[in-house]
Amino acid sequence: MGTMTGKVALVTGAARGMGRAHAVKLASEGADVVALDVCAEFDTTDYPGATTDDLAETVRLVQEQGGRILASQTDVRDPDAVTAAVADGVERFGRLDVVVANAGIIRVSDTDERAKTFRDVVEVNLIGAWNTVDAAIPAMIAGGRGGSIVLVSSTQGIRAAGTERAGVQGYAASKRALVALMQVWADQLAGHSIRVNTIHPSGVATDMILNETTMKLSAAGDPWLSSQLNALPIALLQPEQIATAVAWLVSDDAAFITGTSWPLDAGFTLRS
């Protein structure tokens, strides 16, 4: 029996990358999964967006683990859509125990659309996380069984490197703000035995980094990218490594942990 047997987990940004890894890992531990992803392009990012085919592959991989999954094309920026998706998940599976607010975007390259880029990043990374957790809290409280919420922040939410790029500024600001939200919710929900924590990965091998634009900047010795080096000789973490850590953090083995920020960063923050 897995650590998540009988529990239900909501994962956003679940079509690929870390979101997919979280969904699959939690399913492997016995969870039923409610998977959300916008499956759309953002004209202010510099890499392709996830697709409905990507989300379908997440469904397949979860089912391959023997898990049940309810997946929907849902934009976390739309609070009504997120609330409806959470309600559908609770109706299908009868409960909600875990939230992994993972959906996020960035733009690493320069752009003339500075204000729009900053706003888009903040709306997905911060407002989207707020929409997700705000929609989930009533169901988790009503369940009366406690639970766990993980906000996926970043090392940029601990130590942000200087840059003039609006997309990176929005990313750092939104990821840092998640820490404040985590602390507010952790205190608010402790009496209900609902735990709230942030995780702070350094670079992870997903499409957010492994794309043509970012690779070209890296090859050219881009100063901001060059500042993102880990202390350990690990260039990029793997999504599955992050998912394994999160699966432990949301399990009953970590029932005493709340209000904390976890660097999952191969020593990146040692360099601060």
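The values are calculated or read from the model by the stated rules, or taken from the named source; none is laboratory data. Model, not experiment: these values are computed from the prediction. For neighbour counting, all protein chains shown are included, and Cβ atoms are generated from backbone atoms with ideal geometry for every residue, glycine included.
Quick notes on this structure:
- Options 15, 21: the member that is within 17 Å of the chain's Cα centre (by Cα) and within 14 Å of residue 250 (Cβ to Cβ): 21
- All conditions in (1) assigned to a loop (DSSP other than H, G, I, E, B); (2) surrounded by 23 or more Cβ atoms within 10 Å (Cβ to Cβ); (3) free of Cβ contacts under 8 Å to residues at least 40 places away in the same chain hold for residue 49, with the sole exception of (2).
- Yes/no for residue 255 being more than 28 Å from residue 109 (Cα to Cα) and surrounded by 14 or more Cβ atoms within 10 Å (Cβ to Cβ): no
Yes/no per residue for (1) at pLDDT 95 or above; (2) under 25 Å from residue 198 (Cβ atoms):
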site	(1), (2)
49	yes, yes
52	yes, no
62	yes, yes
66	yes, no
88	yes, no
96	yes, yes
103	yes, yes
109	no, no
114	yes, no
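- Pick from the stretch 179-219, criterion part of a loop (DSSP other than H, G, I, E, B) and farther than 14 Å from residue 155 by Cα, ranking: farthest from the chain's Cα centre (by Cα): 193
- Test: residue in the stretch 15-23 that is in a helix (DSSP H, G or I), of a type in the set (Lys, Arg) and in contact (Cβ under 8 Å) with a residue 40 or more places away in the chain: yes
- In the stretch 24-40, residue farthest from residue 136 (Cα to Cα) [restricted to those that are free of Cβ contacts under 8 Å to residues at least 60 places away in the same chain and under 18 Å from the mean Cα position of the chain (by Cα)]: 40
- Single condition residue 258 does not satisfy, out of (1) touching a residue at least 12 places away in the same chain (Cβ under 8 Å); (2) hydroxyl-bearing (Ser, Thr, Tyr); (3) not in a loop (DSSP other than H, G, I, E, B): (3)
- Within the stretch 24-46, considering residues that are part of a loop (DSSP other than H, G, I, E, B) and of a type in the set (Ser, Thr, Tyr), the one surrounded by the fewest Cβ atoms within 10 Å (Cβ to Cβ): 44
- Some residue of the stretch 138-153 being modelled with pLDDT of 95 or more, buried (at least 18 other Cβ atoms within 10 Å of the Cβ), part of a loop (DSSP other than H, G, I, E, B) and under 13 Å from the mean Cα position of the chain (by Cα): yes
- Selection of first residues in the stretch 225-243 that are under 25 Å from residue 33 (Cβ atoms) and among the small types (Gly, Ala, Ser) and of second residues that are modelled with pLDDT of 95 or more and part of a helix (DSSP H, G or I), restricted to Cβ pairs under 6 Å at least 6 apart or on distinct chains, gives the following pairs, ordered by first then second residue: 243/21; 243/22; 243/25.
- For the stretch 220-240, filtering for residues that are part of a loop (DSSP other than H, G, I, E, B) and either surrounded by fewer than 13 Cβ atoms within 10 Å (Cβ to Cβ) or among the small types (Gly, Ala, Ser) (or both) leaves 6.
- Residue in the stretch 58-71 that is among the polar types (S, T, N, Q), surrounded by 18 or more Cβ atoms within 10 Å (Cβ to Cβ) and not in a loop (DSSP other than H, G, I, E, B) present: yes
- Residue 244 being under 30 Å from residue 5 (Cα atoms), of a type in the set (S, T, N, Q), in contact with a helix residue (DSSP H, G or I) (Cβ under 8 Å, 6 or more places away or on another chain) and in a helix (DSSP H, G or I): yes
- Close pairs from the stretch 158-169: first under 19 Å from residue 201 (Cα atoms), partner among the hydrophobic types (A, V, I, L, M, F, W, C) and buried (at least 17 other Cβ atoms within 10 Å of the Cβ), Cβ under 6 Å, at least 6 apart: 160/172; 167/106; 167/121
- Among the residues of the stretch 107-124, those identified as among the β-branched types (Val, Ile, Thr) and assigned to a helix (DSSP H, G or I) are 117, 121, 122, 124.
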